[in-house]
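Note sheet for the following structure.
The values are calculated or read from the model by the stated rules, or taken from the named source; none is laboratory data. Quick caveat, the model's predicted, so the values are computed rather than measured. Here the Cβ is made from the backbone with ideal geometry for all residues, glycine too, and neighbour counts use every protein chain on show.
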Amino acid sequence: MNEKRFTSLKEFYPFYLSEHQNSTSRALHFIGTALLILALIATILFHDWRFLVAIPFIGYGFAWVGHFFFEKNKPATFKYPGYSLMSDFLLFWDLLSGKQPFRVK
C-alpha cells in the first residue's frame, strides 16, 4: 500500500484534523497545549528549568491519552513530529478563536 507523504504544513493540517474528530480528544489537546504554554511562561518568570523539563510530559501526556483512549488511533507525532507539533498549536489557536469547534459533527 502506497502511503501519502506530506511535504507541507498546509497539506498536512487537514489530515491532522481528520485524526482529531473526538471532542474529548480535542479538549485534551487544548488543555495540554494550554498547560505547555503556561509551563513555558513559568520557566521564564520563575527561572526554574523544572517547568521546561515537564513540557514534553504535559503536552504529549494529554494528547496521547486523547489518541489512545478516545480517538483510538496513533498520534501523527510518530511519523510527522514537526508538522504534528505545529498543528497542535494551530488547532489550539483554531479552537481558541472559534475557527474549529470542540465538538465535531
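Here are some residues: THR24, THR43. Which one is of a type in the set (Val, Ile, Thr), more than 12 Å from the chain's Cα centre (by Cα) and under 30 Å from LYS105 (Cα atoms)?
After applying the criteria, what remains is THR24.
Among the listed residues ALA76, ALA42, identify the single one that is of a type in the set (A, V, I, L, M), at negative phi, in contact with a Phe, Trp or Tyr (Cβ under 7 Å, 6 or more places away or on another chain) and modelled with pLDDT under 95.
Sole residue among the options that is of a type in the set (A, V, I, L, M), at negative phi, in contact with a Phe, Trp or Tyr (Cβ under 7 Å, 6 or more places away or on another chain) and modelled with pLDDT under 95: ALA76.
Taking the conditions exactly as written (basic (Lys, Arg) and surrounded by fewer than 10 Cβ atoms within 10 Å (Cβ to Cβ)), does ARG26 satisfy them or not?
No, not satisfied.
For region 9-22, enumerate the residues that are free of Cβ contacts under 8 Å to residues at least 60 places away in the same chain and surrounded by fewer than 16 Cβ atoms within 10 Å (Cβ to Cβ).
Result: LYS10, GLU11, PRO14, SER18.
Could you list all residues from region 1-26 that are among the hydrophobic types (A, V, I, L, M, F, W, C) and in contact with a helix residue (DSSP H, G or I) (Cβ under 8 Å, 6 or more places away or on another chain)?
Of everything in region 1-26, those that are among the hydrophobic types (A, V, I, L, M, F, W, C) and in contact with a helix residue (DSSP H, G or I) (Cβ under 8 Å, 6 or more places away or on another chain) turn out to be PHE6, LEU9, PHE12, PHE15, LEU17.
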